[in-house]
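Read the structure below first, then the notes.
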Amino acid sequence: MRAAPAEATIRWIVVAAALWVVCVGAYAAGFFLGLAEAPPPGLAAVLFLAAAVGPLAPVAAGVSLLRAAGARAASPETPPTDARSAQGLNARLDAIDAALRAVRAQLSARPETSRPDAPRSPSPRPEAPRRAARAAEGRAAERAPAPTRTTAPAPAPVPADQPALPFADGPGDDAAAAPIPWSDVVRAFDFPRHAKDAEGFAALRSALRDPEAQRLLQAAEDVLSILAAEGLHMEDLAPELAPLDAWAAYAEGARGAAMAAIGGVRDEAAVAAAQARLRGDAIFRDAALVFIRRWNQFLARVARELGPDETLREIADTRTGRAFMLTARALGAFG
């Protein structure tokens, strides 16, 4: 709406400039060409005045146009488009910030037990809080020097088809009295197969005298219990065991896609089920990370003490080893 006066002024400037050029041209033609008859004095005076005063009209109109543009720029009633956009953006940001503050206030006002950031397992599991505490203790224990003697927490409830395990006993006073046979360690990592498995319980009690083995077995029991709740039983899996040199390299610290053969569990349905539980259960995710860390530490110890010995593959083919292969593959540890 404000562009019309400016356009009219510009048109008048063009017309005045054209008239000035015509007048100057006519005056110059009469002066230089020496017309036969001199123009009337009145016409000569008009042409002289037009030539002298004519340029002032466009200049005055231009000054007026510039003043009008300056007044519009200084007027707060019609801010530039960029300013209006910036004001709108600031208003939206203020609204978003207010909404975020309201959400934070609502979350802080809700009771801790109703917060949504602690996913719950599909079926009620009374051992979940205990397992979360155990996983937190495990993460703290990995950063501290390995103790010579540990006291195991209370055992977590286990599925009905799994016998109660003697974790409450922990390493006894004779933990360092005599070396533990590696055959007992391998058998303990396979856990007792039933309530009357005397050999399995004897091997488990023997292995629990070693603090590092005791911590790994406890972490493995947590992971095995959750996997069993998903219908994933390690004795049902048929892993493709990697060759000894691959296990030796992994025990010495090799990682990534080059170690893909270590993740010998190829059952896609089992891996997908474990991945789904990892995504939906923060407690299981923490327990799995603690378990894998302790497994890696224990395997490094085996390599230090025995070298590339077949014991590495024997440990891998236990229920604990299969749980490692499944959870590590589900976590994407092999690329």
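In region 233-284, what residues are surrounded by fewer than 21 Cβ atoms within 10 Å (Cβ to Cβ) and of a type in the set (Val, Ile, Thr)?
271
Here's the yes/no breakdown for (1) outside any helix (DSSP H, G or I); (2) of a type in the set (A, V, I, L, M); (3) more than 28 Å from residue 183 (Cβ to Cβ):
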residue	(1), (2), (3)
240	yes, no, no
284	no, no, yes
298	no, no, no
303	no, yes, no
309	yes, no, no
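With (1) part of a helix (DSSP H, G or I); (2) of a type outside the set (Lys, Arg); (3) without any contact (Cβ under 8 Å) to a residue 24 or more places away in the chain as the list, and residue 254 as the residue in question, which single condition is left unmet?
(1)
Quick check, is residue 235 under 14 Å from residue 319 (Cβ atoms), acidic (Asp, Glu) and touching a residue at least 60 places away in the same chain (Cβ under 8 Å)?
yes
Return a yes/no flag: does region 299-315 have any residue that is within 16 Å of residue 191 (Cβ to Cβ), of a type in the set (A, V, I, L, M, F, W, C) and at pLDDT 95 or above.
Scanning region 299-315, I find at least one residue that is within 16 Å of residue 191 (Cβ to Cβ), of a type in the set (A, V, I, L, M, F, W, C) and at pLDDT 95 or above, so the answer is yes.
Yes or no: region 158-172 includes at least one residue that is modelled with pLDDT of 55 or more, of a type outside the set (Val, Ile, Thr), surrounded by 15 or more Cβ atoms within 10 Å (Cβ to Cβ) and over 19 Å from residue 316 (Cα atoms).
Checking region 158-172: not a single residue is modelled with pLDDT of 55 or more, of a type outside the set (Val, Ile, Thr), surrounded by 15 or more Cβ atoms within 10 Å (Cβ to Cβ) and over 19 Å from residue 316 (Cα atoms).
Mind listing just one residue for me: the one in region 211-249 that is within 30 Å of the chain's Cα centre (by Cα) and among the acidic types (Asp, Glu) and, of those, farthest from residue 186 (Cα to Cα)?
230
I'm checking my understanding of the structure. Among residues of region 285-305 that are in contact with a helix residue (DSSP H, G or I) (Cβ under 7 Å, 6 or more places away or on another chain) and over 15 Å from residue 218 (Cβ atoms), which one is surrounded by the fewest Cβ atoms within 10 Å (Cβ to Cβ)?
300
The values are calculated or read from the model by the stated rules, or taken from the named source; none is laboratory data. Small disclaimer: the values here were computed from a predicted structure and weren't measured. Note that we place each Cβ from the backbone using ideal geometry, even for glycine, and neighbour counts take in every protein chain shown.
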